[in-house]
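The values are calculated or read from the model by the stated rules, or taken from the named source; none is laboratory data. Here the structure is a predicted model, which is why all the values come from computation and not from measurement. As a convention, Cβ positions derive from the backbone with ideal geometry for all residues, glycine included, and neighbour counts pool all protein chains shown.
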Amino acid sequence: MNDWESHCRRCGECCFEKLIEEDGTIFYTSTACRFLDLSSRECRVYHKRFKMGEGCIKLTPEIVKSVRWLPPDCGYVKFLNRGPRK
């Protein structure tokens, strides 16, 4: 795991389907990716998740800054919102 990925809380929230209305309203569903283990909240195919064709998105800092569907308590969101360290 690289330093960026260490900010992930392993909540699995990004692995659940979301419906986004035209007005930008986001509805979170209870439908998870078929590879998400609902007990551990870990991906069963993590090492090859981008090759599986399930729509898994690599959450880079640029992506995290541009999407609105990640929860505010997402580890990546919190890391980017805390600002530069002094």
Task: Considering residues of the range 45-77 that are loosely packed, with under 15 Cβ neighbours inside 10 Å and in contact (Cβ under 8 Å) with a residue 60 or more places away in the chain only, the residue farthest from Asp3 (Cα to Cα) - done: Pro71
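Run down Leu80, Leu19, Leu70 and say which single residue is part of a loop (DSSP other than H, G, I, E, B), at pLDDT 90 or above and among the aliphatic types (A, V, I, L, M).
Numbers: Leu80 fails: part of a loop (DSSP other than H, G, I, E, B); Leu19 fails: part of a loop (DSSP other than H, G, I, E, B).
From the options Leu80, Leu19, Leu70, the qualifying one is Leu70.
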- [ ] Kindly check whether there is at least one residue in the range 28-44 that is at pLDDT below 90, over 15 Å from the mean Cα position of the chain (by Cα), in a loop (DSSP other than H, G, I, E, B) and of a type in the set (Gly, Ala, Ser).
- [x] no
